[in-house]
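Heads up, the thing below is written out as structure tokens.
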Amino acid sequence: MSFDRLKISKKRVFSGIQPSGNLHIGNFVGVLKQWVASQEEKDNIFCIVDLHAITVPQDPKELKGKIRELAGLYVAAGIDFQKSIIFVQSHIPAHTELAWILNCYTPIGWMLKMTQFKEKSENKESVSTGLLDYPALMAADILLYDTDEVPVGEDQKQHVELARNIAQRFNNIYGPTFKLPEAVVPKVGARIMGLDDPTVKMSKSNFKLGHAVHLLDSPEQIRAAFARATTDSLTEIRFDQSRPGLYNLLEIYEIFSGLTRPEIESKFADKNYSQLKEELAEVVIAGLKPLQDKYHQLMGDPGTLEKILAEGAEKARQIAEPKLREVKNKIGLG
Ligand code: TYM
């Protein structure tokens, strides 16, 4: 089989992360690890979704820095820019243009039903229209690239399903245009919970001390965050979903140690919560070290990062622009 045919038969993967707040181990295990693992056998496109970040207020200088930081973290986590496309969403205007078009084919009721919009707008005096419309931009991201699979954490599954529904609706009117994407959610780590409160998802924009372990945290910060993690008053260490604090810690341990659940339960059979927390901190510190080393090395050489993003945008543009032209032709624009 020729190289080209082999490439065509590969599944196209698209995913993205917002350059807002601080990336945490939930983002790492929920998505980044999956992306890296799939890059040999899939055709991957990874986006830094800066236009999604401005759906809530951002400081311009900080946002600019966060976009570079996230690009650095993608590469440091192991995404090989020669095998995968890494680019910044706002560098390709086709995303916003298609988002506008898709808006016009999306009933507003579909947007109002989104759990994330309901959560993020709850108790707020005023939210931007962008926050409500955010899933149309996400649908444009995905549909522009004829995406087969979208690896995401649990909280983004509903948005990928909406993208699929929008694609189906458009295809019903204009004939086959968009591929129908599928969300791929990891079996373990799709919803890492806050260390301070295991009833809420670990979040990039929750800056409370002890809530999260961030990818660039020092060993001392990681030890302190796990040491104060909320558990319960029981003693036996086992995977039990009715004990959410302990379950969350064990799930993180499972991912970072690579051990099976029975192996973990027998390892900690005679140990207490503080010993678990200490061992967990060490396994996470060791797991993040290669990423942190590579990140600091990369940030010392900003020219390389700029080059990666410029090349990524060029490759992404070559896929996105013909798709947008096809859509505009179909609906009678231009
Ligand atoms: P964002 O930036 O909020 O989160 C990035 C990814 O991390 C996952 N995630 C988690 N996984 C496990 N445990 C957690 N506690 C946790 N918190 C976050 C998210 O599910 C997500 O996969 N709208 C998206 C970004 C986006 C996108 C796209 C994704 C824009 N366009 C197109 C896929 C395809 C978002 O805000 O993710």
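The values are calculated or read from the model by the stated rules, or taken from the named source; none is laboratory data. Quick caveat, the model's predicted, so the values are computed rather than measured. Methodologically, a virtual Cβ is constructed for each residue, glycine included, from the backbone with ideal geometry; neighbour enumeration extends over all protein chains shown. Accessible surface is based on the protein model in full, side chains and every heavy atom, while ligands, DNA and RNA are left aside. Shrake-Rupley method; radii C 1.70, N 1.55, O 1.52, S 1.80 Å.
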* Quotient of C-alpha Rg and 2.2 N^0.38 Å, computed over the chain -> 1.04
* Structure fact -> Projecting the Cα atoms of 327, 145, 249 onto the charge dipole of the chain, where Lys and Arg contribute +1 and Asp and Glu -1 at Cβ, the residue farthest towards the positive end is 327
* **5 angstrom amide H check on residue 193, placed H, neighbours 5+ away** => 202
* Asked: Can you pull the Kirkwood radius for region 231-298, inverse mean 1/r over Cα pairs, to one decimal in Å?
  -> 12.8
* Alpha-carbon centroids, region 56-111 and region 117-179: separation in whole Å -> 13
* Treating the beta-carbon of each Lys and Arg as +1 and of each Asp and Glu as -1, no other charges, what is the dipole magnitude of the chain about its Cα centre, to the nearest 20 debye? -> 800
* Portion, in percent, of the accessible area of the chain that falls on carbon or sulfur, probe 1.4 Å -> 53
* Counting only heavy atoms of the protein chains, get the accessible area per residue of the chain (1.4 Å probe) and round it to a whole Å² value. => 48
* Structure fact -> Per-residue ellipticity at 222 nm attributable to helices in the chain (runs of n ≥ 4 DSSP H, -39500 (n - 2.57) apiece, nearest 500 deg cm²/dmol) works out to -16500 deg cm²/dmol
* To do: Arrange the peptides 42-54, 321-333, 184-196 so that the one whose residues have, on average, the most other Cβ atoms within 10 Å appears first.
  => 42-54, 184-196, 321-333
